[in-house]
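Below is one structure, written out as structure tokens; the observations come after it.
None of the figures in this text is laboratory data; all of them are computed from the coordinates on show. Because the structure is a prediction, the values reported are computed rather than measured. Cβ placement follows ideal geometry from the backbone for every residue including glycine, while neighbour counts extend to all protein chains displayed.
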Amino acid sequence: MHIHLDTTDLMTRVRLESRWRSAGATVTSGDGAERPDLVVIDLAARDVDTVATWRERCPDAAILAFGPHVEGAMLKAARQAGADEVVVRGKVADRVSRRIEGSAAP
């Protein structure tokens, strides 16, 4: 599985990339032209409009957005902007790890 992580938070990036790579995924970040299977967007670091931008750029990719649990309106707006799934920050690592495991199943 190829995951693109869209965050400006270095600590978040290092923690999540390490976990997902250990689970067998390829993880990229930045503005590369790759075609990911999953785009993960940190709403604390990006505007909700970023969801729609990624939806246009990679229409076949699943989009998972995450943010602080106290920002319910922002999480709801991300869903309305086109995110397939929206989770709170504390759940993103596990949720994506389950997706990676599911994609590796025969």
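For the chain, the pair-distance distribution built from all alpha carbon pairs, in bins 10 Å wide starting at 0, is 16, 52, 30, 2 percent.
Rounded to the nearest Hz, the phi-derived 3J(HN,Hα) couplings of region 84-93 under the Karplus curve 6.51 cos²θ - 1.76 cosθ + 1.60 (θ = phi - 60°) are 6, 8, 10, 9, 7, 3, x, 9, 5, 4, where x marks glycine and proline.
Count charges around S18 for me, please; just the other residues with Cβ under 15 Å from its Cβ, Lys/Arg as +1, Asp/Glu as -1.
Summing Lys and Arg as +1 and Asp and Glu as -1 gives +1.
The tail of the calculated P(r) for region 58-106 beyond 17 Å holds 39 percent of all Cα-Cα pairs.
Each Cα pair under 8 Å and six or more residues apart adds its sequence gap; the mean of these over the residue count of the chain is a relative contact order of 27 percent.
Computed from backbone phi, the HN-Hα couplings of region 18-30 come to 4, 4, 6, 5, 4, 7, x, 8, 8, 10, 10, 8, x Hz, rounded to whole numbers (Karplus: 6.51 cos²θ - 1.76 cosθ + 1.60, θ = phi - 60°; Gly and Pro given as x).
Using a simple spin-label model with pseudo-atoms 7 Å out from Cα toward Cβ, T53 and R15 lie 2.4 nm apart.
Relative to the compact-globule scaling 2.2 N^0.38 Å, provide the ratio for the alpha-carbon radius of gyration of region 1-63. Write down the numbers at each step before the final one.
Values: Rg = 11.1 Å, N = 63, 2.2 N^0.38 = 10.6 Å.
Dividing the Cα radius of gyration by 2.2 N^0.38 Å gives 1.04.
Net charge of the neighbourhood of D84, taken over other residues with C-beta under 11 Å away and scored Lys/Arg +1, Asp/Glu -1, is +2.
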